[in-house]
1. With each pseudo-label sitting 7 Å past Cα toward Cβ, what's the S24-A185 distance in nm, one decimal?
2. So which aspartates and glutamates can K135 reach, going by Cα to Cα under 15 Å and dropping same-chain residues fewer than 8 places off?
3. Rounded to the nearest Å, what's the spacing between the alpha carbon centres of segment 143-214 and segment 93-128? Just the number, please.
4. From the residues P40, H16, Y62, which one has its Cα farthest along the dipole of segment 2-73 in the positive direction, the dipole being from +1 and -1 charges on Cβ of Lys/Arg and Asp/Glu about the Cα centre?
5. To the nearest 0.05, how large is the calculated FRET efficiency for K79 and A205 if R₀ is 35 Å and r is the Cβ-Cβ distance?
6. Note down the magnitude of the dipole of the chain about its Cα centre, charges +1 on Lys and Arg C-beta and -1 on Asp and Glu C-beta and zero elsewhere, to the nearest 20 debye.
7. Three principal axis extents, largest first, for the C-alpha atoms of the chain, in Å?
8. What is the ratio of the Cα radius of gyration of segment 115-183 to 2.2 N^0.38 Å, where N is its residue count, to two decimals?
Amino acid sequence: MHVMVTKPVVKTLAEHTALASAASAADRLCCVEVHKRLDPFYADARDRVRSSLGNFQYIYAYMSQPKHQLETFGAWAGKSSDISYYLNSHHVDLTEWTLHGRARPERVTATASTGVASSKGIETEDSITLTVQWKNVPDGTMGCAVYTSSWVAPRSDVHSQQRFFYMGSKGEINVDQAHRGCTLAQDGQPFLSVNPLFMKYTPTAGKFAGQGGYGVKSFEVFVDACIGCNAGTQKPGDYDDGSLATIHTTYQGSAILEAGRRSLDADGQPMDIVYDGVEGLVPTGINPHEF
């Protein structure tokens, strides 16, 4: 059976390696559901970065959800996962996908804020920031990424604030995913900024019409790939070219998220991501940084 798992696919690099090995042994397609790759704004930004913005220099990414989500996720928040695994995983994946074959994460340092969740009896961080040093593999120059996620935001015009700023050696790009230029004001309802590109919730002629949104397309492209593999016209390895978020091309994201969790648990100690060789792109381990 071919498999697609919601992000994050696992919580540790060791688990990721085991899952990738199992997928290879079974000759099955194993993918991560990261629908931001299908967002036309993000996909266009990725192509612009790779085609004309030069070496990676800096990215700042932010994603949040309102604090009432803590009650929704109370069964697992701070127990089996945290806000970084839940939301930072989106922009971590965007960076890995964008810089695929060109850069690798080398060191992760995490910090957090607390107080809101604990006041509700949920022992977990309110916000988590990962600072990640990336190395541009061709020339060894360095770049810096800052990923912040929070689930203690106030109610606002959107359910989730989502944005990033990217700077390369030859240009920069700024994307505000939460505000697409469409706002809605309605009697008895809060003011909203809506995003029908993700999902068109309003029916057309009384019927569901959201199948064109990238929230659904993420599943569609996976099913199409499964059909190709089952028909013998494609092989699982054909999708390791970046067209899908396969288990074999998402090691770095798992390493970053685990290193962030370990850094937090070690009071902010940086964690080094280990590779085979100076140009290796697949992480093989995570070690506490020695000063």
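All of the numbers you see were taken from the coordinates with simple rules; none came from a lab. Bear in mind the structure is a predicted one, so any value in this text is a computation, not a measurement. Backbone-built Cβ (ideal geometry, glycine too); neighbour counts: all protein chains shown.
1. 5.8
2. Answer for K135, where 15 Å is the Cα cut-off: E96, E106, D272, D276, E279, listed by chain and number.
3. A separation of 20 Å, based on Cα centres.
4. It is Y62.
5. Numbers: r = 45 Å, r/R0 = 1.28.
Rounded to the nearest 0.05, the efficiency is 0.20.
6. Approximately 580 debye in magnitude.
7. 61, 52, 42
8. Values: Rg = 16.7 Å, N = 69, 2.2 N^0.38 = 11.0 Å.
Dividing the Cα Rg of segment 115-183 by 2.2 N^0.38 Å gives 1.52.
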